[in-house]
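Report on the following structure.
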Amino acid sequence: MTKENIMNYLIENYNTLAYTHDYVFGYVANGMVYGAIVENAKDLLPYITSLDRASKKNGGTYQLKYKPNKAQVAIIIEKATEIKPICTVDYLEKLNAECRQNRGQIFEILVADVLGGFQSTKKNAKFTDCGDILVGTKHYQVKYLKATFTDERTIKNLKGE
């Protein structure tokens with residue numbers, strides 16, 4: 001299978017299995033961390049994701065990743081229904097140094113707070129069961145830099161292959 005075919009396979013299956021297609025995508029600009037709210041981003045994934053490969057010790061599978069470049073951030077901004085400043089980069093780095101959580105987990109907590117929502121009560125919940133955060137009655141997946149959407153092994157396991 002070519003890399004393009006693998007990427008299409010991952011996107012197609014992720015979109016089929018995902019509980020929600022509403023996202024808060026994180027990005028950095030001018031020393032600030034922003035959260036771009038994108039409703040129904042299903043059709044956006046081919047343009048803002050990339051294919052990466054896990055290390056051999058992590059299975060060596062292909063992964064669908066969120067590692068946006070400037071052009072991809074511009075696409076997200078264009079499609080966003082709202083953009084919220086979340087915190088400064090310095091503040092995020094300070095929290096990262098103090099906490100036992102990665103930047104993505106910290107970003108998720110901060111986004112939930114800024115949007116007046118809360119994190120999913122299920123720790124390590126599957127993307128097929130709920131969003132990362134709940135704002136009112138709406139679920140959102142939250143993605144920060146270098147986030148993984150899914151990988152080959154996860155899709156095969158979920159499909160029973």
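Only the coordinates and a few stated rules stand behind these numbers; no lab work does. Computed from a prediction, not measured in an experiment: that's the story for all the values here. Counting neighbours? That spans all protein chains shown, and the Cβs are built from the backbone with ideal geometry, glycine included.
Peptide packing for 89-99, 140-150, 42-52 was compared via the average number of neighbouring C-beta atoms within 10 Å per residue; ordered from the highest value, the list is 140-150, 42-52, 89-99.
Only helices enter this figure: runs of n ≥ 4 DSSP H residues, each worth -39500 (n - 2.57), summed and divided by the residues of the chain, yield -11000 deg cm²/dmol at 222 nm to the nearest 500. For the stretch 3-159, a crude dipole built from +1 on the beta carbon of Lys and Arg and -1 on the beta carbon of Asp and Glu, taken about the Cα centre, is about 640 debye to the nearest 20. Placing a label point 7 Å from the Cα of VAL28 along the Cα-to-Cβ direction, the residues of the stretch 59-86 with a backbone N closer than 15 Å are 67-70, 73, 86. Applying a threshold of 22 Å to the alpha-carbon distances of LYS3/LYS42; LYS79/LYS122; LYS84/LYS143; LYS94/LYS143; LYS122/LYS143 flags LYS79/LYS122 as lying beyond it.
Only Lys, Arg, Asp and Glu carry charge here, each on its Cβ (+1 for the first two, -1 for the last two); on that basis the stretch 1-69 has a dipole of about 460 debye about its Cα centre. Per-peptide packing, taken as the mean over residues of other Cβ atoms within 10 Å, places 55-62, 153-160, 103-110, 29-36 in the sequence 103-110, 29-36, 153-160, 55-62 from highest down.
Only aspartates and glutamates eight or more places from LYS146 in sequence, or on another chain, were considered; those with a Cα closer than 14 Å are ASP52, GLU108. Note on LYS159: aspartates and glutamates with a C-alpha under 14 Å away, same-chain residues under 8 apart excluded, are GLU12, ASP151. Whole-Hz Karplus values for the stretch 55-66 come out as 5, 4, 5, 9, x, x, 7, 6, 10, 8, 10, 10 Hz, taken residue by residue from phi with 6.51 cos²θ - 1.76 cosθ + 1.60 and θ = phi - 60°; glycine and proline positions read x.
Of the DSSP H helices in the chain, those with a Cα length along their own long axis of 15 Å or more and a mean Kyte-Doolittle hydropathy reaching 1.0 comprise 103-115. From the residues LEU134, LEU145, ILE86, which one has its Cα farthest along the dipole of the stretch 3-159 in the positive direction, the dipole being from +1 and -1 charges on Cβ of Lys/Arg and Asp/Glu about the Cα centre? So the residue furthest toward the plus end is LEU145. With 0.36 nm allotted per residue and the present C-alpha distance subtracted, the LEU51-LYS70 stretch has 5.1 nm of extension available.
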